[in-house]
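Note sheet for the following structure.
Nothing in this text is a laboratory measurement; each read-out follows from the coordinates by a stated rule. Just so we're clear, the structure is a prediction, and the values are computed from it rather than from any experiment. Here the Cβ positions follow ideal geometry from the backbone for every residue, glycine too, while neighbour counts run over all protein chains shown.
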Amino acid sequence: MIDRLFGSVLSARSRQRRADLYRNLIRREAKIGGEVFGVVAPGHHREFFCLDEHTWVWHEEWKDTQGQQQLRVTRYDVRPDGILKSQNGQYTKLSIAEADRLVKAAELYTARIGKELYAHAL
């Protein structure tokens, strides 16, 4: 009985540790990804990251000229028939030009996180 309880506690800790590690890596990837398109202006927060094998996320926060906090989250869902972009709950299919820009951004992101975050793992 104690072995089962002890094993489940270790298992829960292990799952929590893996989840924490995953979240921390995503945060670090997102920060690097946010710089793919250039320097982030003071007072702005930008993230770009791969959430899973089919989903990319662009997240921006800033204060407008009236000092109001603004937020924009763009989600790109990669599907066999194209890429869907979601903003404010509205889905649109990406144009070829925008899809090309997303592919280039994904390539830069992948290269940078590979070099800056995961190079030591190889």
Hull surface over four for the Cα convex hull of the stretch 2-121, reported in nm², is 11.5
With Cα coordinates, the longest principal axis of the chain makes an angle with the long axis of helix 96-116, in degrees rounded to 10, of 40
Computed for the chain: size of charge dipole around the Cα centre, +1 on C-beta of each Lys and Arg, -1 on C-beta of each Asp and Glu, debye to nearest 20, value 380
Taking Cα atoms only, helix 2-34 is inclined relative to the longest principal axis of the chain by an angle, in degrees rounded to 10, of 20
Listed residues Glu60, Glu98, Glu35; largest mean-square fluctuation, Gaussian network over the chain with Cα springs below 10 Å, found at Glu98
